[in-house]
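Structure first, then comments.
Just so it is clear, none of the values below were taken in a lab; they were calculated from the coordinates. Remember, it's a predicted structure, so these values are computed and weren't measured experimentally. Ideal geometry is used to build each Cβ from the backbone, glycine not excepted, and the neighbour counts take in all protein chains shown.
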Amino acid sequence: MENDRRSEGVWVETGDALPARRGSRAAFVKEHGNAIWRLFFIQSSRNDRTLDGLGFFSIVEPFLSKCSRPGEDAKAFARRHLGYFNAGLYLSSAVAGVVVNLERKRARGEPVAVERIESVKAALSSALAARANYFFDALLVPLGLTIASISAMYGSYAGLIAFLVLYNIYHFQSRIGGYCRGVELGEGVGGAFVARLYREERLIGGCAAFAAGVFAALLFLRARDAGGARFVVWGAVVCAASAALAKRPSFVRTVAVLAAATALFLVIGGIVS
Amino acid sequence: MNPVLSASLLAGALALDNRSSLRLMVSQPVCAGLLAGFALGNPREGLLAGAVLQAMFLGMIPVRGIGMSDLALGGVAVSSLYILALRSASVDPAAKGLVLLISLAAALGVAAAGRFAYRLGESRAHVFTGAALGLAGRGRFALASAVHFSTLAIHFAVGFAVTAAVVLAGVPAVAWLAGAVWGTWAEPLKGLPALLPFIGAGSLLALNLGRVRGFLFLAGFCTVMLVLVFRS
């Protein structure tokens, strides 16, 4: 049953290595190494019209000769992949892997239509981007940076190192691992893959909230030590104002206004006392 | 090495991390500040300046089309200005709070300007795609791909140039301002590092307002308080 589902491109969660990867890691790296390092620069030429289209082309470009059918124009392949592409940062690699898989199947003569490749590319782009962006931007990065900030408050680098390690484990897993899975599984990459990749999502979210609470409490303690009740009350005011204004479009303006108000509070307080 | 050159090279490298989607996160202000501190020979003060800027932006996440400020350049700018201005002979070491405030104000300007420059670049960068399409049409695929990678040099150059300009012009300006204002007005500002991170704590609170995560936020807060109550 599982073998049937695998042949349909569905990734079954057994924990086994997939057949294509067994004993062929070196061959895989040799074949795809040129594309893998390019994954890390996909957004370098981002623009308003095609977003990451040029970046996407730079990833599939090494496969151009292998993926063009005999007698078919390689220029048409290039033009197709120079168009609009927007899959966020973290799982665009998986989409690139899927496209490479489908294009190679097509070049081997399997019945994969160009329209099919385009629709899979567009569908996966939006579906995977949202999940990955939420995991990284709203959960993992705030958690790591909160830990780094707590340790930096006490002059330690340990939290910063922990953040870089924690983040980059998921980061490389998503970008290199995502590409590899995309190449291996083709269209089978989807919900199951992302769910497995980010299975600790709830735990990370919970830890981020807990760490934020710890950070806030430590700030109040530092404020009490630095300036007594006056600082604690002002800290609470700034915290409430920042929470209320956090969803405004210009975060820099909010930060600038609150920082200026804090400086004014300190100066006036110093003159009065 | 010349400190301005060190800071500018570092900013160019971090702009690459931030803008090219390499995204190893070494361009976050807390890390950028520490690296700038190492480059300028004072990692402790670099970490402090970078950490304060980081803490102010902790809850900023790029959702609903909210553009991200260029905090990589901001992190290098705040640390470089802070360290180099404090080194200046005209600044009293006790004026640290004021120097930090002015450096932060300059860094916020750099962060906002960096975002503006990036948006401007995005609106013009389609010329690269146009050039690549032209090359692909002539069958020069590797060159079309190279057009994409040429933008890396632009990201590096922008980071390098902005930081060089800010540090060259900013250090004397910060030192002059701190020297001119130092006294009754500036002394209370030493409390800034204790208060500014509350801005980030508020935005983190806004991120965790849901039922479960709100409860966990409160749990974290109360745990610290309880530990301290029992310890005292």
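Write down, largest first, the equivalent ellipsoid semi-axes of the range A:102-215 in whole Å, where each equals the square root of 5 times an eigenvalue of the alpha-carbon gyration tensor.
Working from the Cα gyration tensor, I get semi-axes of 38, 13, 10 Å.
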Taking Cα atoms only, helix A:92-107 is inclined relative to the longest principal axis of chain A by an angle, in degrees rounded to 10, of 0
In this structure, the FRET efficiency calculated for residue B:131 and residue A:172 from their beta-carbon separation, with R0 = 35 Å, to the nearest 0.05, is 0.65
About its Cα centre, chain A carries a charge dipole, from +1 on Lys and Arg Cβ atoms and -1 on Asp and Glu Cβ atoms, whose size in debye to the nearest 20 is 300
In terms of the charge dipole of the range A:181-231, which places +1 on Lys and Arg and -1 on Asp and Glu at the beta carbon, the residue among A:214, A:182, A:194 farthest towards the positive end is A:214
With label points set 7 Å from each Cα along the Cα-to-Cβ direction at residue A:80 and residue B:232, the distance between them in nm comes to 6.9
Expressed in angstrom and rounded, the centroid-to-centroid distance over alpha carbons for the range B:13-55 and the range B:65-95 is 11
Helix B:211-231 sits off the longest principal axis of the Cα atoms of chain B, rounded to the nearest 10 on a 0 to 90 degree scale, by 40
Out of B:142, B:125, B:95, a Gaussian network model of chain B with alpha-carbon springs under 10 Å gives the largest mean-square fluctuation to B:142
In whole angstrom, the spacing between the Cα centers of the range A:83-132 and the range A:160-239 equals 28
Given unit charges at Cβ for Lys, Arg (+) and Asp, Glu (-), the dipole magnitude of the range B:25-168 about its Cα centre in debye, nearest 20, is 360
Shape call for chain A, from the Cα gyration tensor axes a ≥ b ≥ c (a/c under 1.5 means rounded, otherwise prolate when a/b beats b/c, else oblate), comes out prolate
Given unit charges at Cβ for Lys, Arg (+) and Asp, Glu (-), the dipole magnitude of the range A:153-273 about its Cα centre in debye, nearest 20, is 260
Measuring from the longest principal axis of the C-alpha atoms of chain B, the long axis of helix B:96-124 (C-alpha) lies at a number of degrees, nearest 10, equal to 20
By Cβ neighbour count within 10 Å, fewest first, A:171, B:148 rank A:171, B:148
Taking R0 as 22 Å and r as the Cβ-Cβ distance between residue B:222 and residue A:248, the FRET efficiency 1/(1 + (r/R0)^6), rounded to the nearest 0.05, comes to 0.15
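If each residue's Cβ is checked for other Cβ atoms within 10 Å, how do A:180, B:222, A:239, B:31 rank with the fewest at the top? The partial results should precede the final answer.
Working: A:180 21, B:222 14, A:239 24, B:31 28.
Arranged by neighbour count, lowest to highest, A:180, B:222, A:239, B:31 become B:222, A:180, A:239, B:31.
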Rounded to the angstrom and largest first, Cα extents along the principal axes for the protein assembly as shown equal 84, 50, 37
For residue A:75, counting only lysines whose alpha-carbon sits under 27 Å away and dropping same-chain residues fewer than eight positions off, the answer is A:30, A:66, A:105, A:121
